[in-house]
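All remarks here apply to the structure that follows.
Readers should treat all values here as calculations from the given coordinates under stated rules, not as data from a laboratory. Model, not experiment: these values are computed from the prediction. No Cβ is skipped: glycine too gets one built from the backbone with ideal geometry, and neighbour counts run over all protein chains shown.
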Amino acid sequence: MADEQSQLAIVVDPGGDFEKIRELLDEHGLTVSAIVHTHTHIDHVGATAPLQEHTGAEAHIHEADRFLYDMLPVQSALLGVPLPRKCGVLGTLNDGFSLHAGSIELGVLHTPGHTPGSVSFYTEGPDGRFVFTGDTLFQRGIGRTDLWGGDSSAIGRSLKERLMTLDDETLVIPGHGPTTSIGDERQLNPFLRRLR
Ligand SMILES: [Zn+2]
Ligand SMILES: [Zn+2]
């Protein structure tokens, strides 16, 4: 996400094609101030190293996911995703941290379960409230917990105590699939009904 005035951006989960991300940044004249990750599955860190090298911005993961970054070759083999280059330095994201880009303040919520170091990023401003939920919460779905370090009771607690406590109007931007809102998911997500 980007601050129009300062043209500073924070990139969340550069998983895909680095060239596409670079084109988008160039098109909008954006300078990347930080690269952050909702978690460290291979499909969320694919372009981290080239983007980090290109922008010089610091990249961050939650410490509890570092083991996943160290086992990218295993993830690549098992999930059938090409092995990305590794990033030199990865800083640490902690619960309660804030990242800044111009007037944007992006807060870190530790929401473990899909992976031990899964986090969500929350921000509010004149355009509304937004939460980037990675693979923790999707439109009408939640993240799988059968991969390395996944924990179904932890994801239940994260959803109930960290995400469902946000305002109904908060726009949810998941790691995959369409956007939704906290209110819609509270009402319509079958997995969340089960948690009550
Ligand atoms: Zn994932
Ligand atoms: Zn994913």
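Points to keep in mind about this one:
- Percentage relative contact order, the stretch 2-195, counting C-alpha pairs under 8 Å, at least six apart: 16 percent
- For R22 and H100, the difference between the fully extended length at 0.36 nm per residue and the C-alpha to C-alpha distance is 26.0 nm.
- Seen through its C-alpha gyration tensor, with square-root eigenvalues sorted a ≥ b ≥ c, the stretch 83-175 comes out oblate because a/c lies at 1.5 or above while a/b is not bigger than b/c.
- Estimated from the Cβ-Cβ distance and a Förster radius of 30 angstrom, the FRET efficiency linking Q187 and D127 is about 0.80.
- Near G15: Cβ cut-off under 12 Å, other residues only, Lys/Arg at +1 and Asp/Glu at -1. The net charge is -3.
- Placing a label point 7 Å from the Cα of F67 along the Cα-to-Cβ direction, the residues of the stretch 129-158 with a backbone N closer than 15 Å are 146-152.
- Share, in percent, of DSSP beta bridges within the stretch 40-196 that are antiparallel, nearest 5: 70 percent
- Projected label points at S152 and A77, each 7 Å from Cα along the beta carbon direction, are separated by 2.8 nanometres.
- Amide proton proximity set for E105, modelled H, under 5 Å, gap of 5+: E124
- Counted charge near G96, where neighbours are those whose Cβ lies closer than 15 Å (Asp, Glu -1; Lys, Arg +1): -3
- The protection proxy used here, the mean number of other Cβ atoms lying within 10 Å of each residue, ranks peptides 178-185, 47-54 as follows, highest first: 47-54, 178-185.
- Its residues counted as N, the stretch 1-76 yields a C-alpha radius of gyration over 2.2 N^0.38 Å of 1.11.
- Anisotropy class of the chain from Cα gyration tensor, a/c 1.5 cut: oblate
- Cut-off 13 Å between beta-carbons: net charge of the residues surrounding P73, Lys and Arg +1, Asp and Glu -1: +1
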